[in-house]
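*Asks:* One structure, as structure tokens, below. Some questions next.
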Amino acid sequence: MIPAPFSYRRVSTVDEALTVLGEHGDEAKVLAGGHSLLPLMKLRFATPEIVVDLAPIDELRYVRVERDTVAIGALTRYHDLHHDETLREHAPLLAHVAGAIGDQQVRHRGTIGGSLAHADAAADLPAALLASGGSLVVRGPGGQREIPADEFFLGPFTTPLEPDELVTEVRVPVATGIGWGFEKFTRRSIDWAIVGVAVLGQAVGLINMGGTPIRATATEEALASGASIVDAAALAADGASPVSEPHASAEYRGHLARVLTARALNTAAV
Ligand SMILES: Cc1cc2nc3c(=O)[nH]c(=O)nc-3n(C[C@H](O)[C@H](O)[C@H](O)COP(=O)(O)OP(=O)(O)OC[C@H]3O[C@@H](n4cnc5c(N)ncnc54)[C@H](O)[C@@H]3O)c2cc1C
């Protein structure tokens with residue numbers, strides 16, 4: 001449970017971070033909240049030679065509305081997202097989901113950029129970003145690019161990010177007044193979801209229903225064709241490949257997806 005030896009560098013600007021990443025390539029790992037990276041290092045699943053601590057980069061902590069888009073700095077912590085009045089008004093699904101992650105300690109350290117870059121299918125914000133039709137702004141040596149959330153989660157813990165790129169911003173369309181719902185089934189209140197569902201309007205994101213966060217496309221298509229919530233939610237697990245493990249079989253996860261989708265859609269419709 002002790003990490004392999006590594007060197008440590010604190011950086012205070014995005015440019016400085018990119019310079020250090022450029023020098024070290026895939027021997028470097030950036031540290032945001034550390035709540036996924038440090039456990040991985042302790043288990044020696046991650047053995048970076050250099051850890052680049054982004055904590056001092058205050059320029060990546062913000063929530064602001066730019067015309068019809070809500071822009072969120074990648075280092076904004078869950079606690080701050082949950083309590084941000086701008087986010088609560090214009091992207092209430094994300095604000096709510098941020099407040100449902102882990103416990104107080106996790107919410108005071110974990111960052112939106114870290115959660116998305118980590119790309120854990122069991123995490124909450126990736127599915128909420130999918131349902132929100134969001135995107136990620138990424139900076140690297142070649143400049144800046146914007147990746148739609150639908151194209152970001154390629155496989156378990158796998159994204160199109162290059163080792164010398166940083167997620168700098170998360171963007172979602174303003175969703176003021178659009179109905180939303182979030183359901184998370186856990187063994188204990190602070191746990192990761194066995195299955196979770198994030199709904200915005202008629203968009204449905206599923207947590208822990210496969211190797212990546214996914215959209216419940218069959219449900220979304222049924223809703224778009226005028227199906228009832230009951231009939232559309234019955235399709236929530238169609239096309240999903242949830243795993244079976246000691247806490248939940250794939251069949252049970254499918255059942256949860258259908259029930260939780262119906263609940264979240266009903267909440268969104270009120
Ligand atoms: C006890 C516990 C309970 C938890 N419960 C939940 C839960 O219920 N729901 C949930 O969703 N999550 C949960 N988590 C995970 C938590 O949300 C993590 O904080 C999150 O997965 C990673 O965010 P971070 O800011 O801590 O990133 P870090 O751990 O610092 O980094 C994670 C990975 O992303 C990379 N990275 C970080 N920031 C960037 C960036 N800006 N650009 C490029 N790469 C970057 C790092 O190099 C690393 O590979 C829990 C964690 C713990 C320890």
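The values are calculated or read from the model by the stated rules, or taken from the named source; none is laboratory data. These numbers come from a predicted model, not from an experiment. Every residue, glycine as well, gets a Cβ built from its backbone with ideal geometry; the counts of neighbours run over all protein chains shown.
*Asks:* Restricting attention to segment 50-78, which residues are within 17 Å of G99 (Cα to Cα), within 13 Å of the ligand (Cβ to nearest atom) and aliphatic (A, V, I, L, M)?
*Replies:* I72, A74, L75
*Asks:* Can you name the condition, by its number, that T219 falls short on among (1) part of a loop (DSSP other than H, G, I, E, B); (2) surrounded by 20 or more Cβ atoms within 10 Å (Cβ to Cβ)?
*Replies:* (1)
*Asks:* Given S189, S241, S228, which one is within 12 Å of the ligand (Cβ to nearest atom) and surrounded by fewer than 17 Cβ atoms within 10 Å (Cβ to Cβ)?
*Replies:* S189
*Asks:* What's the total number of residues in segment 1-49 that are of a type in the set (V, I, T) and farther than 26 Å from Q105 by Cβ?
*Replies:* Qualifying residue count for the region: 4.
*Asks:* For segment 145-168, give me each residue that is free of Cβ contacts under 8 Å to residues at least 40 places away in the same chain, within 11 Å of P213 (Cβ to Cβ) and away from the ligand (no atom under 14 Å from the Cβ).
*Replies:* Selection gives A149 alone.
*Asks:* Let me ask something additional. Exactly one condition in (1) in a helix (DSSP H, G or I); (2) in contact with a Lys or Arg (Cβ under 7 Å, 6 or more places away or on another chain); (3) without any contact (Cβ under 8 Å) to a residue 60 or more places away in the chain is false for V138; which is it?
*Replies:* Of (1) in a helix (DSSP H, G or I); (2) in contact with a Lys or Arg (Cβ under 7 Å, 6 or more places away or on another chain); (3) without any contact (Cβ under 8 Å) to a residue 60 or more places away in the chain, only one is false for V138: (1).
*Asks:* Taking the criterion of being assigned by TED's automatic domain parsing to the domain that holds P163, surrounded by fewer than 20 Cβ atoms within 10 Å (Cβ to Cβ) and not in a loop (DSSP other than H, G, I, E, B), would at least one residue in segment 121-130 satisfy it?
*Replies:* For segment 121-130, residues assigned by TED's automatic domain parsing to the domain that holds P163, surrounded by fewer than 20 Cβ atoms within 10 Å (Cβ to Cβ) and not in a loop (DSSP other than H, G, I, E, B): absent.
*Asks:* Condition check: in a loop (DSSP other than H, G, I, E, B), crowded, with 23+ Cβ neighbours inside 10 Å, touching a residue at least 40 places away in the same chain (Cβ under 8 Å) and aromatic (F, W, Y). Does F182 satisfy that?
*Replies:* no
*Asks:* Okay, moving on. Considering each residue of segment 141-165, count those that are touching a helix residue (DSSP H, G or I) at 6+ places or on another chain (Cβ under 8 Å) and either assigned to a helix (DSSP H, G or I) or in the same structural domain as T212 (by TED's automatic domain parsing) (or both), and give that number.
*Replies:* Within segment 141-165, residues that are touching a helix residue (DSSP H, G or I) at 6+ places or on another chain (Cβ under 8 Å) and either assigned to a helix (DSSP H, G or I) or in the same structural domain as T212 (by TED's automatic domain parsing) (or both) number 2.
*Asks:* Then there is this: Just to be sure, is L129 under 23 Å from L75 (Cβ atoms) and of a type outside the set (S, T, N, Q)?
*Replies:* Taking the combined requirement at face value, the residue satisfies it.
*Asks:* Which residues, counting only those in segment 58-80, are under 14 Å from I112 (Cα atoms) and of a type in the set (A, V, I, L, M)?
*Replies:* Passing the criteria: L60, V63, V70, A71, I72, A74, L75.
*Asks:* Mind listing whichever residues of segment 92-116 are within 10 Å of the ligand (Cβ to nearest atom), surrounded by fewer than 24 Cβ atoms within 10 Å (Cβ to Cβ) and among the small types (G, A, S)?
*Replies:* A100, G102
*Asks:* Further question on the same structure: When segment 22-53 is examined, which residues are found to be in contact (Cβ under 8 Å) with a residue 60 or more places away in the chain and closer than 25 Å to D80 by Cβ?
*Replies:* Those that are in contact (Cβ under 8 Å) with a residue 60 or more places away in the chain and closer than 25 Å to D80 by Cβ: V30, A32, G33, G34, H35, S36, L37.
*Asks:* So which residues in segment 68-91 are in contact with a Lys or Arg (Cβ under 6 Å, 6 or more places away or on another chain), farther than 21 Å from V14 by Cα and not in a strand (DSSP E or B), if there are any at all? Explain how you work it out, then say what you get.
*Replies:* Just the residues of segment 68-91 that are in contact with a Lys or Arg (Cβ under 6 Å, 6 or more places away or on another chain), to begin with: 69, 71, 73, 75-76, 78-79.
Checking the rest, the ones that are also farther than 21 Å from V14 by Cα come to 69, 79.
Passing the criteria: only H79.
*Asks:* What do you reckon, is G239 outside any helix (DSSP H, G or I), in contact with a Ser or Thr (Cβ under 7 Å, 6 or more places away or on another chain) and not assigned by TED's automatic domain parsing to the domain that holds G102? Walk me through how you get there before you give the answer.
*Replies:* Working: outside any helix (DSSP H, G or I): yes; in contact with a Ser or Thr (Cβ under 7 Å, 6 or more places away or on another chain): yes; not assigned by TED's automatic domain parsing to the domain that holds G102: yes.
Yes; evaluated as a whole, the condition is true for this residue.
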